[in-house]
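One structure is given below, encoded as structure tokens.
What follows is calculated from the coordinates using simple rules that are stated; it is not laboratory data. Everything numeric in this text was worked out from a predicted model, so none of it was measured. Please note: Cβ atoms are built from the backbone with ideal geometry, for glycine as well, and neighbour counts cover all protein chains shown.
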Amino acid sequence: MKFIFIFFLTLSILLAKTSTPWQFQQFDLYFENDLFSQTDGQYSSGEKFSFLYSVDQNDVPFYDLFLYNDKLSDAYINFALVNQIFTPYDISAQELIVDDRPYAGWTFFEMGFHKSTSDTLQSFYIQIGAIGPNSEAENIQKFVHKFTGSELPQGWDNQLKNELGINLRYVHNWRFAKKFSGVDTVVIPYTELDMGNISLQALGGISARIGWNLPQDFGMSTISTGSETGINTYNNTNKLYDDWSFAFSFNVSGSGIARDIFLDGNTFRDSHSVEKNYFVASAGAGFTSRYKHFVLDYYYQKHTKHYHAEKIKHGYGSVILSIVY
């Protein structure tokens, strides 16, 4: 993992050495867990620490790699450290469970580039990290289970083998907003393309928010899908008309999946795998509450079955704590 630290540190320094001033915009702490579904398997947990900066892009061609360069736009960049853990349903078994998903951890660094206009947001992510024992997922999960007094997982000897993970993600959002009798409504259709040895899939969906005193942004996203949480539309700040803001959120999506390393197994080595479903749909709902510079997002979503032998449709909850500057 050391060379990944060095890579991102070097790239960060090179970008910072340009004439572009960065302004710290937002810190986000993501926590995702299937505890909200009262289960302890499949997508078991995820954590993300993300730092978002706004960028003065006027004299830096690098930030014009996106489309819509002829439209007025703002640029952002984020850096994040992420860990995700996947396990079978029965974590008490030591032996390999052949008809359930493999144990797997994915720990990675993420750098995202974003351009927002008055009605669109485009995001491009580079994700580099480790699959297998080098991800430290076994130690992370066992530490959390000991701390919470939960059952310790027994099958990590069957996890996917070590593999360098490199994934690219492109997300495009469209924003349509309307106010009805003092109530704000926002509809955001989006598309996403993931490319790499971790995931190869295309996704499309639509999210909606209804609430009061909403900021002019592109809403929230989860760790696995969507753009960065809280990016503003062009030439807007994070200031609110009043101290409080509240909204309900809804989302539906569908994805076509060519590869999912957490089901298909290691790319270049033999490992445990299961027969995945090539099409998966999801639906979810949640809320956002904000007071001045502090934001709490909660979102619950449920998926159709990801693989043929999956016993039930899996759901998990996402909690995002944000500090806005």
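Treating only the Cβ of Lys, Arg, Asp and Glu as charged (+1, +1, -1, -1), what charge dipole size does region 85-179 show about its Cα centre? Round to the nearest 20 debye.
With only Lys, Arg, Asp and Glu charged at Cβ, the dipole is about 820 debye.
Please get the size of the charge dipole for region 2-324, origin at its Cα centre, with Cβ charges of +1 on Lys and Arg and -1 on Asp and Glu, quoted in debye to the nearest 20.
520 debye
Expressed as cubic angstrom per residue, what is the convex hull volume of the alpha carbon set of the chain?
131 Å³
Roughly how many whole Å is it from the C-alpha centroid of region 157-189 to that of region 259-286?
Cα centroid to Cα centroid, the span is 18 Å.
For region 68-180, just the Cα atoms, rotate onto the principal axes and tell me the three extents in Å, largest first.
57, 39, 29
Taking 27 Å as the cut-off for C-alpha to C-alpha distance, list the pairs among LYS48/LYS179; LYS146/LYS305; LYS48/LYS142 that go past it.
Violating the 27 Å Cα-Cα cut-off are LYS48/LYS179; LYS146/LYS305.
With 10 angstrom as the radius, rank ASP264, ASP184 by how many other C-beta atoms surround their C-beta, starting from the fewest.
Fewest to most other Cβ atoms nearby, the residues stand as ASP184, ASP264.
VAL186: net charge of surrounding residues, Cβ under 12 Å, Lys/Arg +1, Asp/Glu -1, itself excluded?
+1
Could you rank the peptides 162-168, 82-88 by their average count of other C-beta atoms within 10 Å per residue, with the highest value first?
For the peptides 162-168, 82-88, the packing ranking is 82-88, 162-168.
How big is the charge dipole of region 129-242 about its Cα centre, in debye rounded to the nearest 20, if each Lys and Arg gets +1 on its Cβ and each Asp and Glu gets -1 on its Cβ?
The calculation lands at about 400 debye.
Past 19 Å, Cα to Cα: identify those pairs from LYS71/LYS115; LYS161/LYS302; LYS276/LYS302, in the order given.
Over 19 Å apart, Cα to Cα: LYS161/LYS302.
Roughly speaking, what is the centre-to-centre gap between region 295-325 and region 69-110 when only Cα atoms are used, to the nearest Å?
12 Å
Test of understanding: ordering TRP106, TRP244 by Cβ neighbours within 10 Å, fewest first, what list do you get?
Result, fewest neighbours first: TRP244, TRP106.
Once both axes come from the Cα atoms, what is the angle between helix 2-16 and the longest principal axis of the chain, in degrees from 0 to 90, rounded to 10?
With both axes taken from Cα atoms, the answer is about 10 degrees.
Working only with C-alpha atoms, what are the Rg and Dmax values of region 189-305, expressed in angstrom?
Radius of gyration, then largest Cα-Cα span, for region 189-305: 17.4, 57 Å.
Compactness ratio of region 154-206: Cα Rg over 2.2 N^0.38 Å, N = residue count?
1.90
Helix 137-148 versus the longest principal axis of the chain: what is the Cα-based angle in degrees, 0 to 90, to the nearest 10?
Tilt relative to the chain: about 90 degrees.
Leaving out same-chain residues fewer than 8 places away, which lysines sit with a Cα under 17 Å from that of LYS292?
LYS239
With a 10 Å Cβ neighbour count serving as the proxy for reagent exposure, in which order, fewest first, do ASP194, ASP243 appear?
Ascending Cβ contact count within 10 Å gives the list ASP243, ASP194.
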